[in-house]
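One structure below.
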Amino acid sequence: MPNGFRSRNRRAAGLGQGLVLCLALLSGGVAGAQPQPAAPAPPAQPVSPPSLTTLVNATPTSDTFTLTYFNRPIVVLKANVLGRSPMERALGAERALDDLAAQQIAGPVASQLFDGGAFISVGSRPVLALTLADIDSLSGETIQGVSGQVVARLQQALDEAAEARTPRALLRSVATTLVALVIGLAALWAIGRTHRIVAARLLAAADKKVAKSKIADIELLRGMRISSFERRFATTSMWGLDLIVVYGILAFSLRQFPYTRPWGESLRWFLWHTVQNLGLGMLGALPGLFTVALILLVTRMLVRGIGAWFKAVEKGRVAPRWIFPETAQPTRRLLSALLWLFAIVVSYPYLPGSSTEAFKGVSVFLGLMVTVGSSGLVSQIMSGFMITYSRALRLGDFVRIGDVEGTVNHLGVLSTKLKTLFNEDVTIPNAVVVAQTTTDYSRFGDTIGVFTSTVVTIGYDAPWRQVHALLLRAAERTAGLRREPKPVVIQSGLEDFYVRYTLLVSLVRQESRLFTLDALHANIQDLFNEYGVQIMSPNYVLDPAAPKVVPKKDWFAAPADADPLPPRQP
């Protein structure tokens, strides 16, 4: 045969194959037309069709569209082919599949690879053509892999579409669903009955405990709160079990029908995927949790060791030079807090979810709170440190801070609490304590003693020696006063009309000073009345007729001693 004739035949065959390929690409558009009588398919011959890029102008586009058939996604189309958008290509393929389903043609689904694309057909009818522009090569997709997935998904969708047109299969699905509903309702009834039994037993146990305790109405109210908590816990558990049963029935029922089967599979996949992720997450968190537990265990051992040593210092069993017993307790608390903070910082990277956005958000929120409230907070904390380590106050000391007198019963980081003589609990911020003058009446109370003063004013006509003796004798009669140091009387002022006498006494207990001074004042009045000395502060409008002086014979009037009083040491 001449070479020119053979060359013309090859060109004709290539043109015919190109036309067949074009028809395959345009098959989605002509699928809606009336079907032509099917001609007998010629035997398959191994041919090498021309490249798709030479026959089809396929360009990528951002307007992607998912081809879906019978509620199942088949493939995502991403290219314009011969001026047809992905949506138009998908709608054409769906029309072609509907025609095939109407003719009860459900396969076989096959793919034929070409140079630069793949051709998807159902039976002998072309349905869809895939191009390289529809493939995401950056994510590792290939034309062979994608076409294989399309064939499997499309075959499944066609089988389910055929199953949906089978009455026997639908009746079987309905019957299975009804049986599942009956079983689910029975399970819900059993859960509800179990809940009532368990809740009744929990409440009965709580009532028995409250009845056996024989406590007051306040505690009974607390018991009622405990019962309410138990009832809520049982109710929450019941609702959780009910939700699981309903979820399982819904997923199972949806899987019985071909059209809703993808939804049921999605529910089952979501549940399984969630449980799997939780399980894997828990397993993956075990090494980190073990590390956190080890860090916290070591920190706890250190805190206990430090606490035991500082408690020994506090009780006087250990006497280091650099710390005092009264500062041992706050120092122990401070070091313990620092150790735990350090342990938290070290453990943070090993906590599950520490790198998530939620943890980061919490960190930002805490940082914002510290920034906003740090000025007053830091001021109070630093004032507390100053009070503690300057040893200005001690627990149990009777002090005066500003206008408040009381016993120190709490030295906190932010405030100091005093119990006053009237059993009032007064809270003073540490910054206020530092800013005011603090008087401690107990610091030297057990050693050299602290004097408490009381004042009387007597006219110049009363012998001062007699007044001294009366005041000292009143101190001797009063219980609650220390004998050492001895009471002292001082003439603290020579006023215009009277002499100011100050009696200094040392109290045994500063906390009972109100009652001790009350007894002292009563004894002073009784003694002055007994010896005829008026307790008054005279004021004159005119000079008296006779000078208000004490006759020499009365200088040592009882109970004053006959001998002059020895001079006092300053």
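The values are calculated or read from the model by the stated rules, or taken from the named source; none is laboratory data. Quick caveat: nothing in here was measured; it's all calculated off a predicted structure. Here Cβ is always computed from backbone atoms with ideal geometry, including for glycine, and neighbour counts include all displayed protein chains.
Quick one: in segment 499-517, of everything that is of a type in the set (D, E, K, R) and closer than 29 Å to Asn423 by Cβ, which residue is surrounded by the fewest Cβ atoms within 10 Å (Cβ to Cβ)?
From segment 499-517, those of a type in the set (D, E, K, R) are 500, 509, 511, 513; that's our starting set.
Imposing the further condition that a residue be closer than 29 Å to Asn423 by Cβ reduces the set to 509, 511, 513.
Values: Arg509: 13, Glu511: 18, Arg513: 19.
Step by step, filter segment 499-517, then rank; the result is Arg509.
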Inset, instruction - Can you work out which of the residues in segment 154-177 that are surrounded by 17 or more Cβ atoms within 10 Å (Cβ to Cβ) and touching a strand residue (DSSP E or B) at 6+ places or on another chain (Cβ under 6 Å) is nearest to Arg125 (Cα to Cα)? - result: Leu154
Inset, instruction - Starting from segment 89-108, take each residue that is hydrophobic (A, V, I, L, M, F, W, C) and list its partners that are part of a loop (DSSP other than H, G, I, E, B), counting only C-beta distances under 6 angstrom and pairs at least six apart or across chains. - result: Ala96/Ala31; Ile105/Gly123
Inset, instruction - Tell me which of these Leu100 doesn't satisfy, since it passes every other one: (1) surrounded by 18 or more Cβ atoms within 10 Å (Cβ to Cβ); (2) assigned to a strand (DSSP E or B). - result: (2)
Inset, instruction - Test Thr176 against the stated conditions and say whether it is under 51 Å from the mean Cα position of the chain (by Cα), over 22 Å from Ala96 (Cβ atoms) and in contact (Cβ under 8 Å) with a residue 60 or more places away in the chain. - result: yes
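A quick yes/no check of all residues on (1) surrounded by 15 or more Cβ atoms within 10 Å (Cβ to Cβ); (2) farther than 26 Å from Gly384 by Cα:
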position	(1), (2)
Leu286	no, yes
Val292	yes, yes
Val298	no, yes
Ile306	yes, no
Trp322	no, no
Ser336	yes, no
Ile344	no, no
Legend entry - Total residues in segment 64-112, condition under 56 Å from the mean Cα position of the chain (by Cα) and among the small types (Gly, Ala, Ser): 5
Legend entry - Residue that is surrounded by the most Cβ atoms within 10 Å (Cβ to Cβ), among those in segment 452-498 that are polar (S, T, N, Q) and in contact with a strand residue (DSSP E or B) (Cβ under 8 Å, 6 or more places away or on another chain): Thr478
Legend entry - Hits in segment 339-367 (condition: in contact with a helix residue (DSSP H, G or I) (Cβ under 8 Å, 6 or more places away or on another chain) and aromatic (Phe, Trp, Tyr)): Trp340, Phe342, Tyr350
Legend entry - So Thr388, is it in contact with a Pro (Cβ under 6 Å, 6 or more places away or on another chain), over 30 Å from Asn277 (Cβ atoms) and modelled with pLDDT under 75: yes
Legend entry - segment 319-338, residues that are in contact with a helix residue (DSSP H, G or I) (Cβ under 7 Å, 6 or more places away or on another chain), hydrophobic (A, V, I, L, M, F, W, C) and within 19 Å of Arg394 (Cα to Cα): Ile323, Ala328
Inset, instruction - Could you list all residues from segment 234-284 that are of a type in the set (Ser, Thr, Tyr) and either surrounded by 12 or more Cβ atoms within 10 Å (Cβ to Cβ) or not in a helix (DSSP H, G or I) (or both)? - result: Thr235, Ser237, Tyr247, Ser253, Tyr259, Thr260, Ser266
Inset, instruction - Look at Val150 and say whether it is touching a helix residue (DSSP H, G or I) at 6+ places or on another chain (Cβ under 6 Å) and closer than 29 Å to Ala251 by Cα. - result: no
Legend entry - Test: residue in segment 113-130 that is more than 59 Å from the chain's Cα centre (by Cα), at pLDDT below 80, assigned to a loop (DSSP other than H, G, I, E, B) and among the hydroxyl-bearing types (Ser, Thr, Tyr): yes
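The rows are residues; the columns are (1) under 30 Å from Ile344 (Cβ atoms); (2) basic (Lys, Arg).
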{"residue": "Phe257", "(1), (2)": "no, no"}
{"residue": "Pro262", "(1), (2)": "no, no"}
{"residue": "Arg268", "(1), (2)": "no, yes"}
{"residue": "Met282", "(1), (2)": "yes, no"}
{"residue": "Leu286", "(1), (2)": "yes, no"}
{"residue": "Leu289", "(1), (2)": "yes, no"}
{"residue": "Ala293", "(1), (2)": "yes, no"}
{"residue": "Val298", "(1), (2)": "yes, no"}
{"residue": "Gly307", "(1), (2)": "yes, no"}
Inset, instruction - Could you look through segment 292-351, keep only residues that are within 33 Å of the chain's Cα centre (by Cα) and of a type in the set (Lys, Arg), and pick out the one that is modelled with the lowest pLDDT? - result: Arg333
Inset, instruction - Kindly list the number of the only condition in (1) buried (at least 21 other Cβ atoms within 10 Å of the Cβ); (2) small (Gly, Ala, Ser); (3) touching a helix residue (DSSP H, G or I) at 6+ places or on another chain (Cβ under 6 Å) that fails for Gly184. - result: (1)
Inset, instruction - Tally the residues that are of a type in the set (S, T, N, Q), within 28 Å of Phe114 (Cβ to Cβ) and either part of a loop (DSSP other than H, G, I, E, B) or in contact (Cβ under 8 Å) with a residue 60 or more places away in the chain (or both), restricting the search to segment 140-173. - result: 3
Inset, instruction - Evaluate segment 440-449: report whether one residue or more is modelled with pLDDT of 80 or more, among the β-branched types (Val, Ile, Thr) and not in a helix (DSSP H, G or I). - result: no
Legend entry - Residue in segment 506-525 that is in a strand (DSSP E or B), modelled with pLDDT of 90 or more and not basic (Lys, Arg) present: no
